[in-house]
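Everything below concerns the one structure shown next.
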Amino acid sequence: MTIHRCWVYGDHINTDVIFPGKYTYTLKTPEEIAAHALEDLDPTFAAQVQPGDVIVAGKNWGCGSSREQAVTALRYAGVPMIIAASFSRIYFRNCINQGVLPIVCPELNVLLQTGDMLEIDTDSGQIAVHGQRFSIPKLSPSVQAILDAGGLVPMLQKRFGKV
């Protein structure tokens, strides 16, 4: 069981709000990219997020374009997982590919406020908060292997060597 501080956001947060498209081809380093995470939604996020903090969101997190930086900006900022009522299909897969754990838990975002603490046990599939417990889906062995390696490319590099 690990304890995480959460940042809570609503429904239909699109990739352009998570990482503004105007930076897609101008920022290169992880530090530059992380500095602009969620800047249009929450200007305090990039300066105040701590490694291990998690995002808790409503429905359809990551809708919009398939821009990878919308995941990597959060990963570079130290966010290891995103818990949402639902994800856009492409964003969910981009999370896995980039080594960020996407968790579907529809009940959670309405119970929390930014700064609340969550206890998360992915092995047992449980989240505990405010005296309540929520079940979360178990990951398949193949998805777990990708996440354990830090993403799809690192997993393939470990398995097959650098290409």
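Quick note: the coordinates plus some simple rules give every number you see, no bench work behind them. Remember, it's a predicted structure, so these values are computed and weren't measured experimentally. For neighbour counting, all protein chains shown are included, and Cβ atoms are generated from backbone atoms with ideal geometry for every residue, glycine included.
With a 10 Å cut-off between alpha carbons and a GNM built on the chain, which of His130, His36, His12 moves the most?
In the Gaussian network model the winner is His130.
Based on DSSP H runs of at least 4 residues, each adding -39500 (n - 2.57), what is the mean residue ellipticity at 222 nm of the chain after dividing by all its residues, to the nearest 500 deg cm²/dmol?
Rounded to the nearest 500, the figure is -7500 deg cm²/dmol.
Could you pull out every residue, at least 5 positions away or on a different chain, whose amide H is within less than 5 Å of the one on Val8? Hs are placed 1.01 Å off N in the peptide plane, and Pro or chain starts have none.
Val56, Thr114, Gly115
Among the aspartates and glutamates, which fall within straight-line cross-link reach of Lys158, defined as a Cα-Cα distance under 19 Å, with same-chain neighbours fewer than 8 residues apart omitted?
Asp148
Taking the dipole about the Cα centre of the chain, with the C-beta of Lys and Arg at +1 and of Asp and Glu at -1, give me whichever of Phe19, Ser140, Tyr9 is farthest to the positive side.
Ser140
What's the exposure ranking of Trp7, Trp61, going from fewest to most Cβ atoms within 10 Å?
So the residues, fewest neighbours to most, are Trp7, Trp61.
Hey, of (1) 9.3; (2) 11.4; (3) 12.9, which did the structure itself give for mean projected area of the Cα convex hull in nm² when calculated?
Label of the calculated value: (1).
Using a 10 Å cut-off around each Cβ, can you sort Phe19, Phe134 from fewest to most neighbouring Cβ atoms?
Taking fewest neighbouring Cβ atoms as first place, the list is Phe134, Phe19.
If the only charges are +1 at each Lys and Arg Cβ and -1 at each Asp and Glu Cβ, what is the size of the charge dipole of the stretch 2-136 around the Cα centre, to the nearest 20 debye?
340
Once you keep just the Cα pairs under 8 angstrom separated by 6 or more residues, what percentage relative contact order results for the chain?
24
In a GNM of the chain with a 10 Å cut-off on Cα contacts, which of Gln69, Gln126, Gln48 has the highest mean-square fluctuation?
Judging by the Gaussian network model, the answer is Gln48.
What aspartates and glutamates could a cross-link reach from Lys162, if we take a straight Cα to Cα line under 13 Å and drop same-chain neighbours fewer than 8 places away?
none
List the aspartates and glutamates whose alpha-carbon lies under 15 Å from that of Lys59, not counting same-chain residues fewer than 8 positions away?
Partners found: Asp11, Glu107.
Which of Ile120, Ile83, Ile18 moves most in a GNM of the chain, Cα contacts under 10 Å?
Maximum among the listed residues: Ile120.
Can you work out ³J(HN,Hα) from phi for every residue in the stretch 116-130, in order, using Karplus 6.51 cos²θ - 1.76 cosθ + 1.60 and θ = phi - 60°, giving whole Hz and x for Gly and Pro?
Once rounded to whole Hz, the list reads 4, 9, 10, 9, 10, 10, 6, 5, 8, x, 9, 10, 10, 7, 6.
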